[in-house]
Amino acid sequence: MENMSDESEPSYAIVNKQLQDVIRFQHTAIARMKAKMSRRDDRVSREEYEKLVRDLEEEKLEHVRTKAKLASESEKLQFALGEIDILNKQLQREKLSFENAYGQVKSKALEQSQEKTQFQTKCQAMEELCTKQDDILTTKDAKIKELKLRLVHQKQIHQQQLSDLDIHRQQEKYINYTTQKTQEKNKKTRQKRVSFR
């Protein structure tokens, strides 16, 4: 269970705990040595006493070293915490800046999407209008072609009628001329007969 909690804790917290455990252990060792020395009677050998004093001094020196190391690590920890705080603030600023930029891009993309939809709708309406106009023009073109054919046909009929009329006039003219000549000839013949009598 302790390993799982250590893995979930930051490294500086683990180092701090370990240093505090070492200090507690050193305090306990010193207290035990003092208690052990107080229980000794006057028969303790000088050698043993000096050894205990050396051990005590060594423990004190180690304790001083540990405290210095703890102070150094605490200073590093405070510096790291300050760096983390600065980085967190910088991250928050960058996050806010990113969210603002993302919001602007998203808003612009939405606006462009709406413009695109409107443009597509407008183009579709124009295409439908062009299709209708093409149909109207095709219908009118067909009517114009039909009218041209009718005009050509009527022109041919009219020309035929003019030709027939001209022939008819020529025939009438010829008939009138022939009739007139015949009448003149008959008139002359009657005059001759009257003169002979």
With the first residue restricted to the range 44-59 and required to be charged (D, E, K, R), and the second required to be surrounded by 12 or more Cβ atoms within 10 Å (Cβ to Cβ), Cβ contacts under 7 Å at 6 or more apart or on different chains are Asp55/Met33; Glu59/Gln26; Glu59/Ala29; Glu59/Ile30
By residue number, the members of the range 43-61 that are in a helix (DSSP H, G or I) and either more than 17 Å from Phe25 (Cβ to Cβ) or touching a Ser or Thr at 6+ places or on another chain (Cβ under 8 Å) (or both) are Arg46, Glu47, Glu48, Tyr49, Glu50, Lys51, Leu52, Val53, Arg54, Glu57
If we scan the range 62-74, do we find a residue that is farther than 30 Å from Met33 by Cα, assigned to a helix (DSSP H, G or I) and within 59 Å of the chain's Cα centre (by Cα)? no
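Every number in this text was worked out from the coordinates using simple rules, so none of it is lab data. All of these numbers come straight from a predicted model, not from anything done at the bench. Here the Cβ is made from the backbone with ideal geometry for all residues, glycine too, and neighbour counts use every protein chain on show.
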